[in-house]
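The values are calculated or read from the model by the stated rules, or taken from the named source; none is laboratory data. Please read these numbers as outputs of a predicted model, since none were measured by experiment. Note that each Cβ is placed from the backbone with ideal geometry, even for glycine, and that neighbours are counted across all protein chains shown. Surface accessibility is based on the protein's heavy atoms, side chains included, excluding ligands, DNA and RNA. Shrake-Rupley method; radii C 1.70, N 1.55, O 1.52, S 1.80 Å.
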Amino acid sequence: MVDLSVEVGGLRLKNPVIAAAGTFGFGTEYARLYDVGLLGGICTKGLTLKPRPGNPPPRLWETPCGLLNSIGLENPGVEAFLQEELPRMRGLGTAVIANIWGETPEEYRELAERLSRSDVDAIELNLSCPNVPGGKIRGGVPEEVARIVGLCRRVCEKPLWVKLPPEGDVLEAAQAAERAGADAVTASNTFRALAIDIEKGRPAFAGRIGGLSGPAIKPIALRVVYELVQKLKLPVIGCGGITSWQDALEFIMAGAHAVQVGTGNFIDPLCIPKIVRGLADWLAGRGMEDLEGVRGCAH
Amino acid sequence: MDKVTFRRAKVLENREVAPGIFLLRVEGDHSARPGQFYMLRAWELDPPLSRPLSVFDLDPSGVSFLYKVRGRGTRLLSRLSPGDELAALGPLGNGWKGVEGRVALVGGGLGIAPLLLSAKSVPEADVYLGFPGKPYLVEEFRKVAEKVYVTSETGEGGERGLVSDLFSPEGYDACFACGPLGMLKEVAKKCREAGVPLYVSLEERMACGLGACLGCTVPTKGGPRRVCKDGPVFLAEEPCWDG
Ligand SMILES: Cc1cc2nc3c(=O)[nH]c(=O)nc-3n(C[C@H](O)[C@H](O)[C@H](O)COP(=O)(O)OP(=O)(O)OC[C@H]3O[C@@H](n4cnc5c(N)ncnc54)[C@H](O)[C@@H]3O)c2cc1C
Ligand SMILES: Cc1cc2nc3c(=O)[nH]c(=O)nc-3n(C[C@H](O)[C@H](O)[C@H](O)COP(=O)(O)O)c2cc1C
Ligand code: FES
């Protein structure tokens with residue numbers, strides 16, 4: 001019998017494949033299409049203290065095998081999430097990871113404190129959103145990471161995951177998160193990137209810089225995970241460009257405890273259950289019972 | 001809520017009805033309300049996103065789409081032959097619920113695509129179709145609507161001019177319009193002046209089509225709304241037209 005369940009940063013997941021923040025809403029949208037209870041977990045859209053309307057259109061722009069987005073953290077705010085979305089999410093039969101974003105370190109703490117008293121299974125600090133005007137990418141600066149994680153750790157009993165950008169001092173930032181008490185590191189968010197609308201002669205997005213995701217970034221995201229795993233004690237959750245079970249297996253062989261799938265859901269809306277199936281079949285085909293034997297085998 | 005499926009389906013027909021404009025018919029027992037759409041793809045990873053196309057028609061053997069070749073995605077669709085497969089997610093969106101009374105359906109260019117099902121579901125509707133050049137598929141509309149007015153910018157096959165100039169909302173209880181932004185704004189102005197409720201179908205780039213990614217959100221008077229889930233059909237006074 002194959003057992004895909006994993007323990008990641010203080011949380012037991014039925015399998016290691018998680019829907020990445022911002023690509024899967026609050027889970028209920030995809031629940032119209034299939035049983036999302038098949039997922040290892042769902043990261044929510046990035047939550048903020050107050051509701052945010054997000055950026056003006058266009059918010060999406062394609063590049064070869066890649067997707068640029070500039071959503072700007074549109075979300076109903078943490079209170080509306082707790083009142084309306086969380087009860088429905090709880091009924092989906094999978095782990096709920098609240099992804100949060102604060103304008104200041106204190107806002108992160110306030111969000112973490114509020115969510116720590118709720119029914120979510122874990123909290124993921126988004127220290128890496130490229131799409132908020134004036135918002136700094138704190139995840140690349142180790143001192144900032146240490147400060148925010150430290151503040152949140154003190155008020156948060158739930159597993160605390162830290163999502164880093166793929167750029168900047170990623171290793172030092174991850175080590176800072178580890179020292180400050182994080183339970184896991186998610187690597188990574190999107191790459192800061194640009195598209196120019198040649199008809200208008202200006203950047204495609206009103207906020208100019210967007211975030212690049214999808215198969216185009218997979219080899220780089222994989223390299224980031226590979227390097228982090230060599231130096232960190234914390235479990236690493238791999239993310240970036242995963243669209244198949246083969247991709248997921250690469251991240252696991254690089255040492256990831258779990259993976260997140262974002263843009264893959266747009267390429268194939270049934271992508272995550274197919275990855276879960278594919279991993280189970282691959283293990284069964286080799287007479288293996290779990291992923292322990294292959295995790296990190298590529299080092 | 002409607003059942004949404006994602007499945008592979010065989011192409012029955014993919015015919016060029018006018019230069020660069022194709023009628024694609026796909027096998028399957030599909031259902032859809034007027035104004036609903038599917039996300040289609042006939043390729044693996046690239047381009048990453050599927051392409052949203054309105055349901056043009058439904059029949060017992062399949063569903064059809066009317067589309068214009070604009071970029072890479074629609075070009076790839078245009079190369080499909082009968083027997084080839086594509087993947088379809090849908091039906092998506094709120095669709096047009098239809099209304100009682102005298103109704104006008106106004107379409108400009110590819111905006112005619114969602115109007116045929118509407119004309120079928122509201123048999124007393126009058127249809128206004130605007131084309132840049134020689135009209136196409138007008139006979140499909142004549143089969144289901146008594147009055148079909150046709151304009152063409154070149155004057156071929158219809159009255160010379162723009163459909164938004166020819167159309168007058170006087171005497172109608174409701175209108176449904178679809179087409180380029182300039183045309184929608186013009187029709188909206190006339191309907192507002194005449195006090196006739198107008199429904200419009202909006203377009204945005206889409207990733208998930210299900211309401212999950214917030215890639216297609218537009219600002220409206222009631223706050224941000226997802227074109228794929230809360231729309232694509234909106235009352236014309238809802239969207240903030242100028243961003
Ligand atoms: C709900 C809905 C229903 C729709 N129904 C229909 C329908 O029934 N029929 C129909 O024909 N269409 C319909 N559309 C529109 C259709 O989805 C688009 O035409 C299609 O997605 C275009 O895809 P593409 O790959 O061919 O073009 P893309 O490659 O996506 O390009 C679109 C346009 O952008 C331009 N572009 C690309 N990159 C740049 C750049 N860097 N600078 C400037 N310009 C650039 C391209 O030249 C092209 O003209 C609908 C859309 C929505 C949202
Ligand atoms: C449309 C969109 C919205 C996103 N929103 C968020 C978000 O709210 N919070 C966050 O931490 N990451 C967000 N991301 C980043 C993804 O969670 C993921 O880290 C990134 O896209 C790379 O993975 P992928 O290549 O599998 O998409 C978003 C990505 C996309 C494409
Ligand atoms: S396309 Fe994803 S929310 Fe509309």
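Within the range B:7-41, being within 14 Å of chain A (Cβ to nearest Cβ) and surrounded by fewer than 19 Cβ atoms within 10 Å (Cβ to Cβ) holds for B:Arg7, B:Arg8. Consider the range A:16-61 and keep the residues that are within 8 Å of another protein chain (Cβ to nearest Cβ) and among the small types (Gly, Ala, Ser). The one that is farthest from the chain's Cα centre (by Cα) is A:Gly54.
Every condition in (1) within 12 Å of ligand 1 (Cβ to nearest atom); (2) among the polar types (S, T, N, Q); (3) within 14 Å of another protein chain (Cβ to nearest Cβ) is met by B:Thr217 except one, and the failing one is (1). Filtering the range B:3-18 to residues that are within 20 Å of the chain's Cα centre (by Cα) and part of a loop (DSSP other than H, G, I, E, B) leaves only B:Val4. The listed residues are A:Ile18, A:Ile71, and the only one of them that is more than 16 Å from ligand 1 (Cβ to nearest atom), more than 20 Å from A:Asp119 (Cα to Cα) and among the aliphatic types (A, V, I, L, M) turns out to be A:Ile71.
Residue pairs whose Cβ atoms lie under 7 Å apart, separated by 6 or more positions or on different chains, with the first residue in the range A:231-259 and at pLDDT 95 or above and the second of a type in the set (Phe, Trp, Tyr), are A:Ile237/A:Trp161; A:Gly238/A:Phe251; A:Ile242/A:Phe251; A:Trp245/A:Trp282; A:Leu249/A:Trp282; A:Ala254/A:Tyr226; A:Gly255/A:Tyr226; A:Val259/A:Phe251. The single condition from (1) open to solvent by less than 20 Å² (accessible area, probe 1.4 Å); (2) within 15 Å of the chain's Cα centre (by Cα); (3) among the hydroxyl-bearing types (Ser, Thr, Tyr); (4) closer than 30 Å to A:Gly262 by Cβ that B:Ser54 fails is (1).
Inspection of the range B:187-200 finds no residue satisfying the criterion of being open to solvent by 20 Å² or more (accessible area, probe 1.4 Å), under 26 Å from B:Pro91 (Cβ atoms) and either within 14 Å of chain A (Cβ to nearest Cβ) or in contact with a His (Cβ under 6 Å, 6 or more places away or on another chain) (or both).
Taking each residue of the range B:64-75 that is away from chain A (no Cβ under 14 Å) and under 21 Å from B:Gln36 (Cβ atoms) and looking for partners that are assigned to a strand (DSSP E or B) and within 6 Å of ligand 1 (Cβ to nearest atom) with beta-carbon atoms closer than 9 Å, six or more apart or interchain, yields B:Phe65/B:Phe37; B:Phe65/B:Leu53; B:Phe65/B:Ser54; B:Leu66/B:Leu53; B:Leu66/B:Ser54; B:Tyr67/B:Arg51; B:Tyr67/B:Leu53; B:Tyr67/B:Ser54.
Counting only helices (runs of 4 or more DSSP H) that sit completely within the range A:214-298, those holding 1 or more residues that are more than 14 Å from every other protein chain (Cβ to nearest Cβ) and in contact with a His (Cβ under 7 Å, 6 or more places away or on another chain) correspond to A:218-231.
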